[in-house]
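Here is the structure we will look at, set down as structure tokens.
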Amino acid sequence: MVKMTIVGRVSDGLPLARGPRYLNQEHDSFSFYKQQAEFILKEISRGALAPSKMTIRVDHHSFHYLMENGIGCFITLCDSSYPRKLAFHYLQDLQKEFQKFDISLIDKITRPYSCVKFESIIGNIRKQYVDTRTQANLSKLNANRGQDLDIVIEHMYQIVERKRQSEISEEILTATRKHVSSIWGSPRLEVIALKWTPIAIIVAVAAILLWANLVLTDEFIV
């Protein structure tokens, strides 16, 4: 079943709305999966997850997300046994309703989960996908049955590991830049460079001229 839904803004990863909780608090940690969903949203906003559609496996669940024209992102958490095709139909229905909202107002939202009006829409649409055996849902499952969904599938640990490697690389790069800056940005070295660089250039030019003169003299003697 559909257990969690979050709608977010792609530009900055701000979560705008969420559906009602459908996780069993005794067995599943709602806060854990909520953090996972928000992490996915942030990764999408920074361009680490490029596909417009993706399924992400985590434990015995799957996150499915759908991104709309770089504006809105729709994420849902389902049981791993829930039909993936239905999950994306559900996200597409959310997307269609989201398109009816004024984008300029969406851009002005600054607080997480403050688009309360859309939360009731999430709840109403979700009800249509609770029972996978309804005639409407069976029709969706049977439509284009021979065609596989062209959707990337990854595991959460892969995404987390990529983020970790990216942070390590960034830290090394930042440390290297600071180290180089601390060496060549030293006021003492700047004074030395200003004082001795012209002298070094004069000595180098003189050495080249002397060498050239010796070569020409040898050729003349020969």
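The values are calculated or read from the model by the stated rules, or taken from the named source; none is laboratory data. None of these values were measured; they are calculated from a predicted model. Don't worry about glycine lacking a Cβ; one is built from the backbone with ideal geometry, like all the others, and counts go over all protein chains shown. Protein only, heavy atoms only, side chains kept; ligands, DNA and RNA dropped before computing areas. Shrake-Rupley method; radii C 1.70, N 1.55, O 1.52, S 1.80 Å.
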Of the listed pairs Lys85/Lys127; Lys3/Lys100; Lys53/Lys85; Lys96/Lys117; Lys108/Lys163; Lys117/Lys140, those with alpha carbons more than 19 Å apart are Lys3/Lys100; Lys108/Lys163; Lys117/Lys140
When all protein chains stay in place, what accessible area (Å², nearest 10, 1.4 Å probe) is found for Val116? 90
Would you mind counting up the charge near Met54? Only other residues with Cβ under 14 Å from its Cβ, with Lys and Arg at +1 and Asp and Glu at -1. 0
Once you have the Cα-Cα distance between Lys163 and Asp150, take 0.36 nm times their residue separation minus that, and quote the gain in nm to one decimal. 2.2 nm
Per residue of the stretch 126-131, what does 6.51 cos²θ - 1.76 cosθ + 1.60 with θ = phi - 60° give for ³J(HN,Hα)? Whole Hz please, x for Gly and Pro, Karplus curve as stated. 4, 4, 6, 10, 5, 9
Roll a 1.4 Å probe over the protein heavy atoms and report the accessible area of Ser11 in Å², nearest 10. 90
Working out 0.36 nm times the residue gap between Ile172 and Ile109, then minus their Cα-Cα distance, what length gain in nm do you get to one decimal? 19.1 nm
Accessible surface, the stretch 1-102, averaged per residue in Å² (probe 1.4 Å): 41
Going from most exposed to least, what order do Lys127, Lys140 have by accessible area with a 1.4 Å probe? Lys127, Lys140
Convert each backbone phi in the stretch 153-167 into a coupling constant with the Karplus relation 6.51 cos²θ - 1.76 cosθ + 1.60 (shift: θ = phi - 60°), then list the ³J(HN,Hα) values in order as whole Hz, x for Gly and Pro. 10, 9, 9, 4, 5, 5, 5, 5, 5, 4, 5, 5, 5, 5, 5
Once the Cα gyration tensor of the stretch 2-167 is diagonalised, semi-axes √(5λ) in Å: 23, 20, 17
For Arg57, the accessible surface traced by a 1.4 Å probe with all protein chains present amounts, in square angstrom to the nearest 10, to 80
Could you put Met1, Met54 in order of accessible surface area, largest first, with the 1.4 Å probe and the full protein assembly present? Met1, Met54
